[in-house]
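Student: This is the structure I have questions about; it appears just below.
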Amino acid sequence: MIERQKKINTLKMRKLRFLVIIISLLVIMFASYISAFSVAITPYMPNEEIRLAPGNVKEIKFILQNKDPVDAKATVIEGSEIFQLTDEKEIYRVNPGEQVPVNGRITIPAAAQLGQIYTVNVEFKTAIASQEGSFTFGSAIGQQFKIIVVEEQKETSGLSPISAISTSTTWLLAIIIGIIILAIIVWLILKRKSK
Amino acid sequence: MKNKRMVIYSIFFSIIIILLTTSLISAGFLDWFKKITGEATQNVNVNISIGAGTAPVIVNVSGMADFTTNQGPAKSELHINFTVLDSDGAANLNITSAMINLTKIGEATRGNSSCAQRNSWGNFANYTCNVTMWWFDASGNWTINISIRDLSSNLARNITNEFNITSATAFELSPATLTYAAISAGATNQTPNNGPILLNNTGNKAIAVGSIDVNATNLKGETNSALALWSGNFSANVSSGTTSCAGKFLNDTGLYNIVSPANLSIGNYTANNNVTGQEQLFLCLTFAGSELSQQAYSTSSAGAWTIRTT
């Protein structure tokens with residue numbers, strides 16, 4: 001009877017030790033976990049500003065990276081009247097080594113005043129599951145930029161106005177020279193015939 | 001009289017012929033009209049010949065989109081292709097002399113002095129240059145400086161191309177889970193036994209003072225969730241020990257609490273000096289309620305705390 005009790009106790013102790021080891025391993029795993037996150041914005045915006053005219057539509061992209069597989073949620077915190085995320089999802093899976101694009105669109109109202117400044121703030125937050133018995137931290141990044149309403153920029157061709165002029169001058173010269181040569185040839189032919 | 005006329009016409013005809021024929025060659029008379037543009041300033045590539053033969057010319061550099069560097073500490077490889085024309089034949093190019101430098105004022109120059117020839121045909125050759133960039137390389141406009149020599153040491157250089165490195169806000173924090181030794185009910189100024197939380201700037205954007213904040217939740221009891229280590233009793237600071245207990249109190253209002261002295265500079269955080277590209281956040285539980293019972297308290301119910309940079 002006593003031996004049986006001893007066996008049961010030994011088994012219980014083994015189970016407890018196993019449990020302690022498992023819990024310790026879990027604690028070590030969670031303790032060593034690093035939360036890392038990166039958000040870039042493209043196209044490059046000097047001083048985190050972009051200049052657009054009333055009625056303009058501009059596509060932009062956020063690029064997400066993470067060292068470990070993570071789900072990141074994108075939310076427009078500010079500026080939703082002119083900026084929308086255009087992907088059909090709001091949670092993005094980011095795997096190590098990947099650059100995951102998040103697409104967005106700026107739409108400036110046609111009635112926007114010149115000089116008006118809009119602020120857009122988009123928050124990207126990692127979804128970290130908090131396990132029982134743990135005091136866990138996740139990370140978030142707020143991406144903010146300003147949109148300044150400016151006058152419509154006129155489309156310019158590849159050539160500057162001055163180069164365009166110089167090119168047209170060349171053509172004009174070629175045409176004039178061509179006409180003169182033709183006239184001389186005709187004159188010479190006529191002269192020979194008259195002889 | 002007739003002869004005189006013929007002479008005048010002949011001279012006139014000759015001038016026209018000269019004009020036309022010179023306009024067909026690469027540096028024609030009509031190029032005067034093309035080059036006198038009236039522009040105030042103009043970048044011109046200069047090929048300096050110091051040896052025999054004709055200097056090569058860099059005729060094309062591959063189009064560059066915005067470049068986003070990898071998150072630190074990983075390096076990034078930037079590939080730039082260019083084409084060289086050598087009228088003495090592609091075989092006349094000094095293959096090992098092709099090099100590239102990427103420059104930006106105030107930044108370390110990145111480059112490669114051994115670009116590889118991919119292929120060649122006739123008078124042309126294509127080259128590829130791989131340049132290593134780092135996560136702390138500044139965002140903005142970088143100039144591409146490419147050069148190559150021929151076997152007579154004639155130099156071709158091109159500095160007219162540029163590209164942008166995008167601005168990346170990035171950081172990592174560790175450990176992502178804090179642990180406390182056993183805390184007695186009513187205890188004050190308790191610090192975690194695996195702190196502080198170390199923040200590393202893994203991007204190329206400086207995080208200014210006032211741009212690091214914490215969204216805190218209550219650490220509720222896992223058996224009796226009515227009891228909790230209230231987030232408002234936690235303090236965060238950039239200083240250690242009991243000073244950490246007199247930092248920013250982290251109220252559970254659903255809003256972010258700015259830990260105002262905290263900031264993250266741009267730099268190679270692997271120097272690990274707690275300054276370059278690094279910040280430490282020290283947390284302190286200033287008071288554990290005397291009503292608390294013996295049980296585990298965690299963020300599993302109310303959710304993880306979030307450290308945010310803006």
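Values quoted throughout were computed directly from the atomic coordinates according to the rules given, and no laboratory measurement underlies them. No experiment lies behind these values; they were computed from the predicted model shown. We place every Cβ from the backbone using ideal geometry, glycine too, and count neighbours over all the protein chains shown.
Student: For peptide A:93-106, what's the mean number of Cβ atoms from other chains within 10 Å of each residue's Cβ?
Tutor: 1
Student: Treat the count of other C-beta atoms within 10 Å as a stand-in for reagent exposure and order B:VAL59, B:VAL214, A:VAL76 from fewest to most.
Tutor: Arranged by neighbour count, lowest to highest, B:VAL59, B:VAL214, A:VAL76 become B:VAL59, A:VAL76, B:VAL214.
Student: What does the net charge come to around B:ASP66 if you take all other residues with beta carbon closer than 15 Å to its beta carbon, with K and R at +1 and D and E at -1?
Tutor: 0
Student: Still on this structure: When only Cα pairs under 8 Å and 6 or more residues apart are kept, what is the percent relative contact order across the stretch B:256-310?
Tutor: On the way: 24 pairs, mean separation 11.0, N = 55.
For the stretch B:256-310, the relative contact order is 20 percent.
Student: Now for a different question. Using a cut-off of 14 Å between beta-carbons, work out the net charge of the residues near B:LYS104 (Lys and Arg +1, Asp and Glu -1, B:LYS104 not included).
Tutor: Charge balance near B:LYS104 sits at -2.
Student: Using a 10 Å cut-off around each Cβ, can you sort A:TYR92, B:TYR269 from fewest to most neighbouring Cβ atoms?
Tutor: Working: A:TYR92 18, B:TYR269 26.
Going from sparsest to densest Cβ surroundings: A:TYR92, B:TYR269.
Student: To the nearest 20 debye, what is the magnitude of the charge dipole of the stretch B:171-309 about its Cα centre, counting +1 on the Cβ of each Lys and Arg and -1 on the Cβ of each Asp and Glu?
Tutor: Result for the stretch B:171-309 is approximately 160 debye, rounded to the nearest 20.
Student: Would you mind counting up the charge near B:SER265? Only other residues with Cβ under 12 Å from its Cβ, with Lys and Arg at +1 and Asp and Glu at -1.
Tutor: Numbers: positive: B:LYS205; negative: B:GLU279.
Counting the neighbours of B:SER265, the net charge comes to 0.
Student: Rank these for me by crowding, B:THR109, B:THR191, B:THR143, going from fewest to most other beta carbons within 10 Å.
Tutor: Ordered from fewest to most neighbouring Cβ atoms within 10 Å, B:THR109, B:THR191, B:THR143 come out as B:THR109, B:THR143, B:THR191.
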